[in-house]
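The values are calculated or read from the model by the stated rules, or taken from the named source; none is laboratory data. Just so you know, these numbers come straight off a predicted model, no measurement behind them. With ideal geometry, Cβ positions are generated from the backbone for all residues, glycine too; neighbour counts draw on all protein chains shown.
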Amino acid sequence: MKHGLAPLTCPDPIVLVLGSLPGDESIRRQEYYGNPRNMFWKVLASVFEDTVPESYPEKKAFLAQHHVALWDVFASAEREGSLDVNIRDNSCNDIAGFLAAHPSIKAIVLNGGKASKAFKKMQKAVNGDFGRIDVFSFTSTSPLSISAGWPLERIAEQWKQILTAYEKIRL
């Protein structure tokens with residue numbers, strides 16, 4: 001059984017990024033997107049036209065500066081290795097409770113297909129109506145996306161849609 005990490009949040013988050021479950025390297029390091037081959041930090045730096053943070057404290061400060069919270073759909077799951085396809089016997093995090101505690105969130109970004117499918121299933125099971133929140137399902141920042149024909153630039157361009165959440169703040 002593998003267990004996820006506690007949510008990373010900041011005062012007044014605007015965007016919540018949900019992955020599926022941290023990979024083995026992230027769990028070992030106790031850091032979100034801790035695998036150096038994962039493109040997550042590079043993608044967010046591109047989205048916000050900022051430099052890529054290096055250390056984990058810098059990464060947390062980067063998230064706070066840009067009002068981004070991180071968590072995962074799964075709290076725990078059986079999984080051999082780090083591949084999402086191997087996730088089974090999972091339990092979900094209380095996403096609805098997190099959103100209720102953070103009414104400033106305007107967008108949810110689902111990082112990859114497994115996170116997207118699991119979130120939508122969980123949302124249906126709890127009759128979750130997140131009408132005030134835009135939900136985006138994006139290509140995973142996992143290294144496997146590159147081998148599937150999704151280079152960093154293409155993923156970053158897709159992820160730039162989260163900037164629409166910032167536009168809602170001005171309304």
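Any residue that is surrounded by fewer than 19 Cβ atoms within 10 Å (Cβ to Cβ) and in contact with a Pro (Cβ under 6 Å, 6 or more places away or on another chain) - is there at least one of those in the stretch 35-56? There is at least one residue in the stretch 35-56 that is surrounded by fewer than 19 Cβ atoms within 10 Å (Cβ to Cβ) and in contact with a Pro (Cβ under 6 Å, 6 or more places away or on another chain).
Taken over the stretch 145-171, the residue count meeting the criterion of being small (Gly, Ala, Ser) and at pLDDT 75 or above is 3. Taking the stretch 18-40 as the region of interest, how many residues are within 11 Å of the chain's Cα centre (by Cα) and within 17 Å of residue 157 (Cβ to Cβ)? Matching residues across the stretch 18-40 total 1.
Scanning the stretch 91-106 for residues that are in contact (Cβ under 8 Å) with a residue 24 or more places away in the chain and touching a strand residue (DSSP E or B) at 6+ places or on another chain (Cβ under 9 Å) returns 92, 93, 95, 98, 99, 102, 105, 106.
Scanning the stretch 42-58 turns up at least one residue that is on the phi > 0 side of the Ramachandran plot and without any contact (Cβ under 8 Å) to a residue 24 or more places away in the chain. Each residue in the stretch 92-144 was checked for being among the basic types (Lys, Arg) and modelled with pLDDT of 85 or more, and 3 pass.
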